Amino acid sequence: MYVLSPISYPIALLLDKLLGEHTKSRFLNNDLKALIELHTINALEALDGEVGKETPLLGLHQDQADLMKSVIDIKGIKAIDLMIPLNKVFSFKFEEPLNKFNINMLISNGYSRIPVFKNDDKHDVVGILRLKHLIGLDFRQEKSIKNLGIELRKPIVISPSITLFDLLREFRKGKSHMAFITDKVEDLQSKLGLNRKNSLVYNQSLLGDHDKNIKILGIVTLEDVIEKMINIEILDEDDYDYDKLDIQNKQSFKKCFLIFKLVP
């Protein structure tokens, strides 16, 4: 380099003058995704058929590449883009009696956390019912969640503009695995008795505009965020097995989950 510098340096100055100075490279998201794809095992084998045989640790598996590209893609995704609208959310009424039919309905839907509302208004949310809290309770009197005094979990309240990364960071704190999206963050926060640590808001204009008519746009769960991040739908055991059962076994399947009703 020192020997050739009298030749290379003037050429570099000339090129900078003609083409502009060379700056440090910065990759855009699409550039990064293309770079990842170029380093997959399939891409390397396409260049040299012996790459995979000689160096098995060389290159990314396609599943690895897909995960990395999915994480890059969620950078600009907001919570409202992943939101489940409130009219599609399975919920339960605070004053509804927990009789045989309702218990069967709660279990057969397969959710471990269920929003609870009152006054026949789904926007009038009280909290989140965790189904495991029903185990061991006596339902023969058909009392409601309100009368039984079942502890309801408080949700996270977020504004629509929250990014998935920020929401995931909030979920990791362990306060809740379900977030309610609303334009009235402070009002819903005050109504549910939450402090500011249980909410995320970007637009400060959403705070202070008090309105008793609080509208919940929808919900986002931790599972939704993880599924979007890894671009794979997460199925539990029931999702895999339930559709494979015949009608008779399905009835037995439901009955085995209703045994806890008999516990005094």
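The values are calculated or read from the model by the stated rules, or taken from the named source; none is laboratory data. It should be emphasised that the depicted structure is a prediction, and the values quoted were computed from it without experimental measurement. Here the Cβ is made from the backbone with ideal geometry for all residues, glycine too, and neighbour counts use every protein chain on show. SASA here: full protein model, heavy atoms, side chains in, ligands and nucleic acids out. Shrake-Rupley method; radii C 1.70, N 1.55, O 1.52, S 1.80 Å.
For the subset of region 56-83 comprising residues that are outside any helix (DSSP H, G or I) and open to solvent by less than 60 Å² (accessible area, probe 1.4 Å), which member is modelled with the lowest pLDDT?
Quick first cut of region 56-83, residues outside any helix (DSSP H, G or I) only: 56-61, 77-78, 83.
If we keep only those that are open to solvent by less than 60 Å² (accessible area, probe 1.4 Å) as well, we get 59-60, 77, 83.
On the way: Gly59: 76, Leu60: 81, Ile77: 86, Met83: 91.
Restricting to residues being outside any helix (DSSP H, G or I) and open to solvent by less than 60 Å² (accessible area, probe 1.4 Å), the top hit is Gly59.
Any idea how many residues of region 87-98 are open to solvent by 40 Å² or more (accessible area, probe 1.4 Å) and either in contact with a Lys or Arg (Cβ under 6 Å, 6 or more places away or on another chain) or outside any strand (DSSP E or B) (or both)?
Within region 87-98, residues that are open to solvent by 40 Å² or more (accessible area, probe 1.4 Å) and either in contact with a Lys or Arg (Cβ under 6 Å, 6 or more places away or on another chain) or outside any strand (DSSP E or B) (or both) number 5.
Assess whether Leu206 counts as being modelled with pLDDT of 85 or more, in contact with a helix residue (DSSP H, G or I) (Cβ under 8 Å, 6 or more places away or on another chain) and either more than 28 Å from Leu67 (Cα to Cα) or open to solvent by 30 Å² or more (accessible area, probe 1.4 Å) (or both). Let's see the steps before the verdict.
Working: modelled with pLDDT of 85 or more: no; in contact with a helix residue (DSSP H, G or I) (Cβ under 8 Å, 6 or more places away or on another chain): yes; either more than 28 Å from Leu67 (Cα to Cα) or open to solvent by 30 Å² or more (accessible area, probe 1.4 Å) (or both): yes.
No.
How many of the residues making up region 6-33 are among the basic types (Lys, Arg), modelled with pLDDT under 85 and surrounded by 10 or more Cβ atoms within 10 Å (Cβ to Cβ)?
Selection size over region 6-33: 0.
Residue under question is Leu134, and the condition is that it be closer than 19 Å to Asn109 by Cβ and free of Cβ contacts under 8 Å to residues at least 60 places away in the same chain; does it hold?
When the stated conditions are applied, Leu134 does not pass them.
Do any strands (runs of 3 or more DSSP E) lying entirely in region 109-200 carry at least 3 residues that are on the phi > 0 side of the Ramachandran plot, open to solvent by 20 Å² or more (accessible area, probe 1.4 Å) and modelled with pLDDT of 85 or more, and which ones are they?
Working: elements: 113-118, 121-130, 156-158, 178-182.
So the answer is none; nothing clears 3.
Check Asp81 against each of (1) over 23 Å from Val220 (Cα atoms); (2) within 21 Å of the chain's Cα centre (by Cα); (3) among the acidic types (Asp, Glu) and name the one condition it does not meet.
It fails just one condition, (1).
Condition first: among the hydroxyl-bearing types (Ser, Thr, Tyr) and without any contact (Cβ under 8 Å) to a residue 24 or more places away in the chain. Now tell me which residues in region 1-42 satisfy that.
Of all residues in region 1-42, those among the hydroxyl-bearing types (Ser, Thr, Tyr) come to 2, 5, 8-9, 23, 25, 40.
The answer is Tyr2, Ser5, Ser8, Tyr9, Thr23, Ser25.
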